[in-house]
Structures are given as structure tokens and as C-alpha cells.
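J.: One structure follows; several queries about it will come next.
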Amino acid sequence: MILYIDTTQNGLIELGLKDKNKLVAVKKFSSHRTQAEKLLPAIEKLLKVNKLKLSNLCGIEVENSGGSFTSLRIGVVTANALAYALGIPVTGLGKTD
């Protein structure tokens, strides 16, 4: 299972779970200037609702361009820290408009 993190949207966090490149769960919620407080609890809740644990993750994908500097940094740092702690790869994704 791959965790998808997007904190680049204005006032919104989007999380997802992918299984073999198929999106199986999505969670979007408001987070105007509260990404740091809401991101990790939301990841934990998304995994719990889908009966998964952090140890079930085999990778993390994170949006790494766009949005405000601080919100972007929160998503990227969270993805990198989780991937490092779990010993799994992290992949940066750049949105194309």
C-alpha cells in the first residue's frame, strides 16, 4: 500500500491510499494554516479506517511543487520522516497544470 500526501492545495489536505497504482481511499479536509497539526492525526485515522498500520505501507508519494512554501514543506518533511522511520521509499510528484 502506498500513502499519498498533498498539502499544496490552498487550505486543503488530500491523503490517499494506493494499491498497485489504484486509488482505494481518499480523504480531503480543510486545513487553512493548520497542516502541521492535522496531517499526522489524519494519516493515522485514514489507516485505521482502512484497517491498516504504518507497517503495511511500502512507499509514500508526496506532491513536491506548488502551494505555499510552509504547507509544501510540511507535506514533504512528513513524508520523508515517515519513509525514513519505516525504511520505505518516498517519491516526489509534481503536478502539471
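J.: Against the longest alpha carbon principal axis of the chain, how many degrees, from 0 to 90 and to the nearest 10, is the axis of helix 35-49 turned?
T.: 30
J.: Note down the magnitude of the dipole of the chain about its Cα centre, charges +1 on Lys and Arg C-beta and -1 on Asp and Glu C-beta and zero elsewhere, to the nearest 20 debye.
T.: About 320 debye.
J.: If you line up the long axis of helix 69-86 against the longest principal axis of the chain, both from Cα atoms, how many degrees apart are they, to the nearest 10?
T.: Relative to the chain, helix 69-86 is tipped by roughly 20 degrees.
J.: To continue, here is another question. Can you sort F29, F69 by 1.4 Å-probe accessible area, starting with the largest?
T.: Of F29, F69, the descending order of accessible area is F69, F29.
J.: While we're looking at this one, here's another question. Keeping every protein chain in place, order D6, D19 by accessible area at 1.4 Å, biggest value first, i.e. largest first.
T.: Per-residue accessible area, sorted high to low, gives D19, D6.
J.: Give the accessible area for V26 in Å² (nearest 10); use a 1.4 Å probe, count only protein heavy atoms, and leave out ligands, DNA and RNA.
T.: Roll a 1.4 Å probe over it and V26 shows about 80 Å².
J.: Per the helix-only calculation at 222 nm, which mean residue ellipticity applies to the chain, given -39500 (n - 2.57) for every DSSP H run of n ≥ 4 and division by its residues, nearest 500 deg cm²/dmol?
T.: -11500 deg cm²/dmol
J.: Okay, moving on. Nearest 5 is fine: what % of DSSP beta bridges in the chain come out antiparallel, could you say?
T.: On the way: 13 of 21 bridges.
If I count the DSSP bridges inside the chain, around 60 percent turn out antiparallel.
J.: Further question: What number comes out for accessible area per residue over the chain if the probe is 1.4 Å? Units Å², please.
T.: 61
J.: In µm²/s, what is D for the chain at 4 °C and 1.567 mPa s, where D = kT/(6 pi eta Rh) by Stokes-Einstein and Rh is the Kirkwood radius from Cα pairs?
T.: 98
J.: Here is a further query. Taking 0.36 nm per intervening residue step and subtracting the Cα-Cα distance, what contour gain separates A81 from K95 on full extension?
T.: Length gained between A81 and K95: 2.9 nm.
J.: Where the accessible area of the chain is counted over protein heavy atoms with a 1.4 Å probe, how much of it, in %, is carbon and sulfur?
T.: Carbon with sulfur: 54 percent of the solvent-accessible area.
J.: Are there trypsin sites (Lys or Arg not before Pro) in the chain that DSSP marks as loop and that have at most 12 other Cβ atoms within 10 Å, and which are they?
T.: In loop regions of the chain (DSSP not H, G, I, E or B), the sparsely surrounded trypsin sites (Lys or Arg not before Pro) are K20, R33, K51, K53, K95.
The values are calculated or read from the model by the stated rules, or taken from the named source; none is laboratory data. Bear in mind the structure is a predicted one, so any value in this text is a computation, not a measurement. No Cβ is skipped: glycine too gets one built from the backbone with ideal geometry, and neighbour counts run over all protein chains shown. Each accessible area value is taken on the protein alone, full model and side chains, heavy atoms only, with ligands, DNA and RNA left out. Shrake-Rupley method; radii C 1.70, N 1.55, O 1.52, S 1.80 Å.
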